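Notes to accompany the following structure.
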Amino acid sequence: MVNEFNVDQLTEYIKGLLEQDPNLRFLRVIGELFDFKIHSSGHVYFTILGKESRLNCVLFKSDARDIPRWPQKGDLVAVEGRVGLYPPRGAYQLYAKRLMPIGKGAIARAKEELKDRLEKEGLFDVRLKRPIPKLPLKAAIITSPTGAAVKDVIKVSSVRFPQCELVIVPCLVQGLDAPSSIVKAIRRVNFIKEVDVALLVRGGGSRDDLNPFDDETVVRAVRLCPVPIVTGLGHEVDLTLADMAADFSAPTPSAAAERTFPDRKALLQNLEGLKNSLVSLMKMEIKNRASSLENAWSHTCRLVKDNYLWRGQSALNVLSKDLVKVTQRQLENYAYSLGRVSDALDAASPLKLLAKGFAFCKDEEGNKISSADKVSVGQNIIVQLLDGDIKACVSDKVRLNRKL
């Protein structure tokens with residue numbers, strides 16, 4: 001049985017086959033540019049040739065915001081996109097997303113055009129350059145994990161500043177797939193915690209090997225790197241656009257590592273020199289401070305002596321004389337009072353009475369006898385005179401009423 005289609009049905013069927021084929025959903029086609037036309041709508045139409053065939057291509061306005069001027073007839077180019085069918089013409093074509101030069105002439109023109117455009121944007125402005133950390137403790141190395149560049153960086157780092165932790169961020173560094181791989185690697189730096197600096201490096205090779213580093217997406221990714229980035233792309237003569245966008249560019253991976261990692265021996269020498277300088281400065285400062293303190297003390301002593309002690313000394317002399325006078329007067333008064341008290345005590349002394357012929361009587365227990373009623377006949381008593389005591393016995397007592 002023969003399958004029967006009308007034109008529209010067959011076209012849609014073929015279109016579906018093309019769209020369902022995974023190999024045709026995204027691919028890269030290399031060919032020679034035959035013509036290149038920019039439509040007033042903003043779309044770009046062109047054709048690429050093989051040895052015995054041709055392929056029509058379209059680059060829509062949405063994918064061609066910055067329509068390049070470099071494409072010329074005969075350029076060898078690579079076109080990325082998907083294959084599809086255009087029903088009104090019944091022809092398949094490549095719906096391009098990106099157009100890249102491959103031939104040397106095309107590459108040179110494309111680089112120059114991109115350089116001019118990015119310079120006008122200010123992407124290479126030196127004011128955007130960030131300083132490289134003096135003591136990086138964690139560095140991201142963006143490169144091929146199997147290339148010579150990563151070995152050079154590790155070697156230099158281990159000798160100069162082994163305290164820095166290295167994180168290898170693998171990517172392709174050559175070929176048509178390298179730009180997207182490099183961009184993804186730079187973006188991954190965002191997710192590395194506490195990274196201080198990044199190095200984008202690759203080993204030597206031909207000038208064509210550097211083409212990925214002239215790609216616009218790579219250049220913009222370098223400029224947008226979240227930390228300062230140093231490039232070392234293995235060619236001392238050639239300067240890529242990525243080098244121009246980096247915060248610092250070195251001619252080789254080893255030179256990039258030397259610029260990034262400080263020399264620990266030099267650091268130790270500098271520290272020792274700073275220590276010695278600090279000790280000398282401290283000694284000098286202590287000496288100066290001691291001298292200033294001594295001068296201040298002398299000045300203070302003179303100031304106190306002149307303004308306070310001298311005046312106080314004069315007043316103290318006057319007060320001292322007054323104190324002597326007052327003290328002498330008080331002593332005289334106390335001596336006079338003491339004399340009067342002494343005379344009064346002497347006058348009141350029982351010895352005075354005894355001297356006048358009076359006597360003092362007491363019993364044998366020493367109790368004073370002041371009345372005849374306090375003794376009885378036959379009681380022993382003691383009569384105390386001025387010059388001695390008389391022991392007596394009461395033989396009789398006569399009561400008398402003597403008035404004082």
> Under a straight-distance cross-link criterion of Cα-Cα below 17 Å, which lysines are reachable from Lys275, leaving out those fewer than 8 residues away in the same chain?
Replying inline: Lys265, Lys283
>> Under 8 Å for C-alpha pairs, at least 6 residues apart: give me the relative contact order for the chain, rounded to a whole percent.
In response: 9
> How large is the dipole of region 353-393 about the Cα centre if only Lys and Arg carry +1 and Asp and Glu carry -1, each at its Cβ, rounded to the nearest 20 debye?
Replying inline: 140
>> Can you compute the helix-only [θ] at 222 nm over the chain? Use -39500 (n - 2.57) per DSSP H run of at least 4 residues, normalise by all residues, nearest 500 deg cm²/dmol.
In response: -13500 deg cm²/dmol
> Restricting attention to the alpha-carbon atoms of region 136-264, what are Rg (one decimal) and Dmax (integer), both in Å?
Replying inline: 12.9, 40
>> When 1/r is averaged over all different Cα pairs and the result inverted, which Kirkwood radius in Å belongs to region 119-196?
In response: 14.3
>> What does the extension gain come out to for Glu112 and Arg188, with contour length at 0.36 nm per residue minus their alpha carbon separation?
In response: 24.5 nm
> What order, most packed first, do the peptides 217-224, 127-134 have when packing is the mean number of other Cβ atoms within 10 Å of each residue?
Replying inline: 217-224, 127-134
> Can you list the HN-Hα couplings for region 118-127, worked out from phi with the Karplus curve (6.51, -1.76, 1.60; θ = phi - 60°), rounded to whole Hz and with x for Gly and Pro?
Replying inline: 6, 5, 5, 6, x, 5, 9, 4, 5, 5
> On average, how much area does the Cα convex hull of region 272-335 cover when viewed from any direction, in nm²?
Replying inline: 7.0
> Can you put Ile286, Ile142 in order, fewest other beta carbons within 10 Å first?
Replying inline: Ile286, Ile142
>> Per-residue counts of other Cβ atoms within 10 Å, averaged by peptide: what ranking do you get for 93-103, 44-54, highest first?
In response: 93-103, 44-54
>> Restricted to Cα positions, what overall size does region 7-121 have along the principal axes? Three whole-Å values, descending.
In response: 51, 31, 25
> Taking the convex hull of the alpha carbon atoms in region 232-295, what volume per residue do you get, in Å³?
Replying inline: 114
> Want the number for Trp297 to Arg25: 0.36 nm per residue separation, take away the alpha-carbon distance, what's left?
Replying inline: 88.7 nm
> Which residue, Asp35, Asp116, Asp387, tops the fluctuation ranking in a GNM of the chain built on C-alpha contacts under 10 Å?
Replying inline: Asp387
> Label-point separation (nm) for Lys37 and Lys397, each offset 7 Å from Cα along Cα-to-Cβ?
Replying inline: 17.3
> So, in nm, how far is label Leu385 from label Ser206 when the simple model puts each one 7 Å beyond its Cα toward the Cβ?
Replying inline: 16.2
>> Taking 0.36 nm per residue of sequence separation and subtracting the Cα-Cα distance, how much length would be gained by fully extending the chain between Thr327 and Leu135, in nm to one decimal?
In response: 60.9 nm
> Efficiency by 1/(1 + (r/R0)^6): what FRET value for Ala78 and Gln269, r their Cβ-Cβ distance, R0 = 56 Å, to the nearest 0.05?
Replying inline: 0.60
>> Cut-off is 10 Å between beta-carbons; in what order do Met1, Met244 appear when sorted fewest neighbours first?
In response: Met1, Met244
> Can you tell me the Rg and Dmax of region 188-302, counting just the alpha carbons, in angstroms?
Replying inline: 25.6, 87
>> I need Thr146, Thr252 ordered by Cβ neighbour count within 10 Å, fewest first.
In response: Thr146, Thr252
> Ranked from highest to lowest mean number of other Cβ atoms within 10 Å per residue, what is the order of the peptides 178-190, 76-88, 3-15, 22-34?
Replying inline: 178-190, 76-88, 22-34, 3-15
> What nm value, rounded to one decimal, do you get for the distance between Asn3 and Leu319 when each label is placed 7 Å out toward the C-beta?
Replying inline: 12.9
>> From the alpha carbon gyration tensor of region 353-393, can you work out the equivalent ellipsoid semi-axes (sqrt of 5 times each eigenvalue) and give them in Å, largest to smallest?
In response: 18, 11, 8
> For region 176-216 and region 90-135, what is the separation of their Cα centres, given in Å?
Replying inline: 14
>> Strictly greater than 37 Å: what percent of every Cα pair in the chain meets that?
In response: 61
> If you line up the Cα atoms of region 1-72 on their principal axes, what length do they span on each, largest first, in Å?
Replying inline: 54, 30, 22
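Read the figures in this text as sums done on the coordinates, not as results from a lab. What you see is a predicted model; the values in this text were computed from it and never measured. Here the Cβ is made from the backbone with ideal geometry for all residues, glycine too, and neighbour counts use every protein chain on show.
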